Amino acid sequence: MENRQPQVISSSGSQNPQKLDVRTCGINKNHWYVAARSAELTDQPFGFTLWEEDFVLYRDTDGKAHAMEDRCPHRQVKLSSGQVVGDNLECAYHGWQFDASGTCAHVPYLAENQKRPGCKIRSLPVREQDGFVWVFPGDPQILEKEAIQPLPIPEWDHLNYIVSVTTIDCEGHFSYLIENLMDMYHGHLHDDYQAWASAKLENIEVDGQRVDAHYEAQSYYKIDKIWSVSQLFIPSLRKLHPEPLDVSYVYPNWSATLGNDFKIMCLFCPTHGTRTRAYLLHFTSLNAFWRLHKLPVPFRRWVKDLCFNAAKGLLDGLVEQDVLMIEQEQKAYLENPQRQNVELNRALMAVQRLIKQQAIAQAESV
């Protein structure tokens, strides 16, 4: 598939958002982006791509995560093909090693009369939080000045929530995925996979960092008895009732809540102009079971771990259907970029404006 380059935006501050094409807008790098699940980062280098740039994660001897460019400045090969040696990352080609700051720390065949090369590769701020490894690809001074934080996910470790997670990989600009997530009107696509029906948009709240859309929906998802979770898998047990459905684009990520028992999140890692990777998380609340809360913590942890990914099949079914639509949208756009969509959902219009504003903010920060 053709990979269209992100639209170049003038840093003069005079760019009109209305004239930007949302399908070619780049990301605002002055945010935290998820790079991997903590469990994915073991004792081996972990390569990932964030908006056309290749990076590599690794853990030092203390288990601390570090990120840097995925290239050895010697021959420009990928450091992710190498290995971790002590606190350094070693290139597979010639054994050059680089420390967490990206500085060349060791060359195995360096002669006595030679100085160690002064080459240095870019490193990124890293934060490991709530089961994920986050990186900040933007300006470190802006990070420090504004004290920017990753999106909190307290439910990940909380004993009152059962967690499921799956990965989304789609050949589409990130705007297509966030529009899909913010659009509660496409339940027609999902049949028995979706926990709500008959969504109606009530109101929208917007600021420079987020879009909050409030829907009213019919839901079968109410966890008030121990057998209630089986509604996920047995449609005949479901009984619809009205619930508030709130969805939020907290740039650059997404979250949604349905009543008191259901929460779902999507953590974005846009890899290219027409490719997006993301993690989709589902949380089922056990808050209604007060007797469970009185049990010993080790037993509750065992229950939480035992039920991990109980809803993964549900998530995978949703993702498969959504990705098919997103990739068709991207293909249609590449074939005819001038053809305009006919959009009726005000929440999606607000999302597009926010993406454009964030792209302009990135250009003005450079």
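The values are calculated or read from the model by the stated rules, or taken from the named source; none is laboratory data. All values reported here derive from a predicted model rather than from experimental measurement. Neighbour counts are summed over all protein chains in view; Cβ atoms, including those assigned to glycine, are modelled from backbone coordinates with ideal geometry. All accessible areas refer to the heavy atoms of the entire protein, side chains included, with ligands and DNA or RNA removed. Shrake-Rupley method; radii C 1.70, N 1.55, O 1.52, S 1.80 Å.
Could you look at region 269-355 and say what percent of its accessible area is carbon and sulfur, using a 1.4 Å probe and all protein chains?
58
With a cut-off of at most 13 other beta carbons within 10 Å, and DSSP calling the residue loop, which chymotrypsin sites (Phe, Trp or Tyr not before Pro) in region 103-152 qualify? Please list them.
Those that pass, being in a loop and sparsely packed, are Y109.
Relative contact order, percent, of the chain when contacts are C-alpha pairs under 8 Å separated by at least 6 residues?
22
Please state the equivalent ellipsoid semi-axes for region 99-209: what are the square roots of 5 times the Cα gyration tensor eigenvalues, largest first, in whole Å?
44, 18, 17
For every other residue with a beta carbon closer than 14 angstrom to the beta carbon of A199, add +1 if it is Lys or Arg and -1 if Asp or Glu, then tell me the sum.
Cβ neighbours under 14 Å give a net charge of -3.
With a sphere of radius 11 Å drawn around the Cβ of D246, what net charge do the other residues whose Cβ falls strictly inside it have (Lys, Arg +1; Asp, Glu -1)?
It works out to a net charge of -4.
From the backbone phi of region 49-66, what are the Karplus-calculated ³J(HN,Hα) couplings (6.51 cos²θ - 1.76 cosθ + 1.60, θ = phi - 60°) in whole Hz, Gly and Pro given as x?
These are the phi-based 3J(HN,Hα) values: 10, 10, 6, 6, 10, 8, 10, 9, 9, 7, 9, 7, 5, 8, x, 6, 8, 9 Hz.
Need one number: the % of Cα-Cα pairs in the chain sitting beyond the 30 Å mark.
Pairs farther apart than 30 Å: 45 percent.
Quick one, could you list the DSSP H helices from the chain stretching 15 Å or more along their long axis (Cα atoms) with average Kyte-Doolittle hydropathy of -0.5 or above?
Those that pass (Cα extent of 15 Å or more, hydropathy at least -0.5) are 312-335, 346-365.
How large, in Å, is region 45-95 by the Kirkwood hydrodynamic radius built from its alpha-carbon pairs?
10.9
Among 119-131, 284-296, 167-179, what's the highest-first ranking by average C-beta atoms within 10 angstrom per residue?
167-179, 119-131, 284-296
Based on the mean of other beta carbon atoms within 10 Å per residue, what is the order of 154-165, 344-355, 243-254, most packed first?
Going by the mean number of other Cβ atoms within 10 Å, highest first, we get 243-254, 344-355, 154-165.
I'd like the Karplus ³J(HN,Hα) series for region 240-253: coefficients 6.51, -1.76, 1.60, θ = phi - 60°, whole numbers in Hz, and an x wherever there's a Gly or Pro.
3J(HN,Hα) across region 240-253, in whole Hz: 6, 8, x, 9, x, 10, 10, 10, 9, 9, 9, 3, x, 10.
Greater than 26 Å separation of Cα atoms is the criterion. Which listed pairs, K64/K263; K263/K304; K29/K78; K331/K356; K120/K356; K78/K120, meet it?
K64/K263; K120/K356
With a sphere of radius 11 Å drawn around the Cβ of L292, what net charge do the other residues whose Cβ falls strictly inside it have (Lys, Arg +1; Asp, Glu -1)?
Overall, the nearby charge balance is +4.
When the convex hull of the Cα atoms of region 235-366 is projected onto a plane and the area is averaged over all directions, what value comes out in nm²?
Averaged projected area of region 235-366's Cα convex hull equals 12.6 nm².
Bin by bin, in steps of 5 Å, what percent of the Cα pairs in region 18-127 do you find, going until the bin that has the longest distance?
Each 5 Å bin holds this share of Cα pairs: 2, 12, 22, 22, 15, 11, 7, 5, 3, 1, 1, 0, 0.
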